[in-house]
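Have a look at the structure below before the remarks.
The values are calculated or read from the model by the stated rules, or taken from the named source; none is laboratory data. Quick caveat: nothing in here was measured; it's all calculated off a predicted structure. Backbone-built Cβ (ideal geometry, glycine too); neighbour counts: all protein chains shown. Ligands, DNA and RNA are stripped out before the accessible areas are found, and what is left, the full protein with its side chains, is counted by its heavy atoms. Shrake-Rupley method; radii C 1.70, N 1.55, O 1.52, S 1.80 Å.
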Amino acid sequence: GGGGARKSDESTSTSNTSNTSNPPNTPNTPNTQTLPTSLAASDTSPIPHLLIKYMLKASDVRSADLDLIASLAAGLTRRHPSFGVMLVDSLLEWIRAAAEDAPHLDRQRRIAHVKLLGAMFTFGLCSASTIWDTLDLLLSASLGMGEE
(Lines give C-alpha, C1' and ligand atoms only; values in the text may rest on other atoms or scores of the structure.)
Protein backbone atom coordinates (compact mmCIF):
# COMPACT_ATOMS: atom_id res chain seq x y z
CA GLY A 1 0.00 0.00 0.00
CA GLY A 2 2.79 2.43 0.93
CA GLY A 3 4.58 1.97 -2.42
CA GLY A 4 1.46 3.01 -4.31
CA ALA A 5 1.16 6.20 -2.28
CA ARG A 6 4.78 7.10 -3.03
CA LYS A 7 4.22 6.50 -6.71
CA SER A 8 1.19 8.79 -6.74
CA ASP A 9 3.19 11.41 -4.78
CA GLU A 10 5.96 11.21 -7.37
CA SER A 11 3.47 11.57 -10.22
CA THR A 12 1.91 14.63 -8.61
CA SER A 13 5.32 16.14 -7.91
CA THR A 14 6.36 15.66 -11.53
CA SER A 15 3.09 17.10 -12.74
CA ASN A 16 3.57 20.05 -10.39
CA THR A 17 7.05 20.72 -11.73
CA SER A 18 5.78 20.62 -15.27
CA ASN A 19 3.11 23.18 -14.33
CA THR A 20 5.60 25.56 -12.72
CA SER A 21 6.88 26.76 -16.06
CA ASN A 22 4.30 29.35 -16.99
CA PRO A 23 3.04 29.60 -20.53
CA PRO A 24 3.85 32.95 -22.14
CA ASN A 25 0.37 34.44 -21.61
CA THR A 26 -0.06 33.81 -17.89
CA PRO A 27 -0.37 36.76 -15.50
CA ASN A 28 2.87 35.80 -13.67
CA THR A 29 5.08 36.59 -16.66
CA PRO A 30 5.75 40.12 -17.91
CA ASN A 31 3.90 41.21 -20.99
CA THR A 32 6.65 41.40 -23.59
CA GLN A 33 4.29 42.83 -26.18
CA THR A 34 4.46 46.23 -24.46
CA LEU A 35 8.25 46.35 -24.86
CA PRO A 36 9.68 47.95 -28.00
CA THR A 37 10.63 45.37 -30.60
CA SER A 38 13.53 47.35 -31.98
CA LEU A 39 15.71 49.64 -29.91
CA ALA A 40 17.11 51.40 -32.93
CA ALA A 41 14.13 51.15 -35.25
CA SER A 42 14.52 54.72 -36.37
CA ASP A 43 16.89 57.62 -35.98
CA THR A 44 14.14 59.63 -34.31
CA SER A 45 14.38 57.58 -31.11
CA PRO A 46 16.85 59.22 -28.73
CA ILE A 47 17.25 56.10 -26.55
CA PRO A 48 20.01 54.30 -28.50
CA HIS A 49 21.95 57.51 -28.94
CA LEU A 50 21.72 58.34 -25.23
CA LEU A 51 22.81 54.83 -24.26
CA ILE A 52 25.79 55.06 -26.59
CA LYS A 53 26.68 58.51 -25.30
CA TYR A 54 26.76 57.34 -21.69
CA MET A 55 28.48 54.04 -22.45
CA LEU A 56 31.25 55.89 -24.26
CA LYS A 57 31.97 58.02 -21.21
CA ALA A 58 34.47 55.30 -20.43
CA SER A 59 36.99 57.73 -18.97
CA ASP A 60 34.57 58.35 -16.11
CA VAL A 61 34.53 54.63 -15.24
CA ARG A 62 37.19 52.63 -13.44
CA SER A 63 39.22 50.40 -15.71
CA ALA A 64 37.98 47.29 -13.89
CA ASP A 65 34.37 48.22 -14.67
CA LEU A 66 34.81 48.46 -18.44
CA ASP A 67 33.94 44.76 -18.67
CA LEU A 68 30.58 45.56 -17.07
CA ILE A 69 29.85 48.13 -19.76
CA ALA A 70 30.81 45.62 -22.46
CA SER A 71 28.66 42.95 -20.80
CA LEU A 72 25.69 45.31 -20.70
CA ALA A 73 26.25 46.18 -24.35
CA ALA A 74 26.44 42.48 -25.27
CA GLY A 75 23.16 41.84 -23.46
CA LEU A 76 21.44 44.70 -25.25
CA THR A 77 22.87 43.50 -28.56
CA ARG A 78 21.33 40.06 -28.12
CA ARG A 79 17.89 41.66 -28.07
CA HIS A 80 18.68 44.56 -30.44
CA PRO A 81 21.50 43.63 -32.85
CA SER A 82 21.66 47.09 -34.42
CA PHE A 83 22.60 48.59 -31.04
CA GLY A 84 25.91 46.72 -30.95
CA VAL A 85 26.79 47.87 -34.44
CA MET A 86 25.97 51.49 -33.57
CA LEU A 87 27.98 51.32 -30.35
CA VAL A 88 31.09 49.79 -31.92
CA ASP A 89 30.90 52.21 -34.87
CA SER A 90 30.64 55.18 -32.51
CA LEU A 91 33.54 53.93 -30.43
CA LEU A 92 35.73 53.36 -33.49
CA GLU A 93 34.82 56.79 -34.83
CA TRP A 94 35.87 58.39 -31.56
CA ILE A 95 39.15 56.43 -31.45
CA ARG A 96 39.96 57.38 -35.05
CA ALA A 97 39.15 61.05 -34.50
CA ALA A 98 41.23 61.18 -31.31
CA ALA A 99 44.18 59.44 -32.97
CA GLU A 100 44.17 61.68 -36.04
CA ASP A 101 43.45 65.04 -34.39
CA ALA A 102 45.70 65.12 -31.37
CA PRO A 103 47.16 61.80 -30.26
CA HIS A 104 49.01 63.39 -27.35
CA LEU A 105 45.91 65.00 -25.83
CA ASP A 106 43.36 63.29 -23.61
CA ARG A 107 45.38 60.10 -23.20
CA GLN A 108 43.35 58.71 -20.31
CA ARG A 109 40.12 58.84 -22.27
CA ARG A 110 41.79 57.29 -25.33
CA ILE A 111 43.26 54.47 -23.24
CA ALA A 112 39.86 53.83 -21.64
CA HIS A 113 38.17 53.69 -25.05
CA VAL A 114 40.75 51.25 -26.40
CA LYS A 115 40.29 49.08 -23.29
CA LEU A 116 36.53 49.25 -23.84
CA LEU A 117 37.05 48.11 -27.42
CA GLY A 118 39.07 45.15 -26.09
CA ALA A 119 36.31 44.30 -23.63
CA MET A 120 33.77 44.46 -26.46
CA PHE A 121 35.93 42.03 -28.41
CA THR A 122 35.92 39.70 -25.40
CA PHE A 123 32.11 39.76 -25.38
CA GLY A 124 31.90 39.21 -29.15
CA LEU A 125 30.73 42.67 -30.19
CA CYS A 126 33.56 43.20 -32.69
CA SER A 127 35.91 41.02 -34.68
CA ALA A 128 39.65 40.47 -34.37
CA SER A 129 40.20 42.31 -37.65
CA THR A 130 38.60 45.39 -36.09
CA ILE A 131 41.09 45.18 -33.22
CA TRP A 132 44.05 44.79 -35.60
CA ASP A 133 42.87 47.65 -37.82
CA THR A 134 42.50 49.90 -34.76
CA LEU A 135 45.95 48.92 -33.52
CA ASP A 136 47.40 49.70 -36.94
CA LEU A 137 45.65 53.08 -36.92
CA LEU A 138 46.98 53.92 -33.46
CA LEU A 139 50.51 52.86 -34.31
CA SER A 140 50.59 54.73 -37.59
CA ALA A 141 49.21 57.85 -35.87
CA SER A 142 51.88 57.56 -33.18
CA LEU A 143 54.64 57.07 -35.74
CA GLY A 144 53.34 60.00 -37.76
CA MET A 145 53.68 62.19 -34.67
CA GLY A 146 57.36 61.25 -34.30
CA GLU A 147 58.17 62.27 -37.88
CA GLU A 148 56.92 65.83 -37.48
Could you tally the net charge around residue 119, taking each other residue with its Cβ under 14 Å from the Cβ of residue 119, Lys/Arg +1 and Asp/Glu -1? 0
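What is the sum of charges around residue 108, taking Lys and Arg as +1, Asp and Glu as -1, for the other residues whose C-beta is under 13 Å from the C-beta of residue 108? Intermediate results must be reported in sequence, preceding the final value.
Values: positive: 57, 62, 107, 109, 110, 115; negative: 60, 106.
Summing Lys and Arg as +1 and Asp and Glu as -1 gives +4.
If I compute solvent accessible area with a 1.4 Å probe over the protein chains, what percent of it on segment 46-144 is carbon and sulfur?
Values: 3490 of 5800 Å².
Here it works out to 60 percent.
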FRET efficiency for residue 96 and residue 64 from the Cβ-Cβ distance with R0 = 35 Å, rounded to 0.05, comes out at 0.85
At 7 Å along the Cα-to-beta-carbon direction for both residue 108 and residue 49, put a label point, then send me their distance in nm to one decimal. 2.9 nm
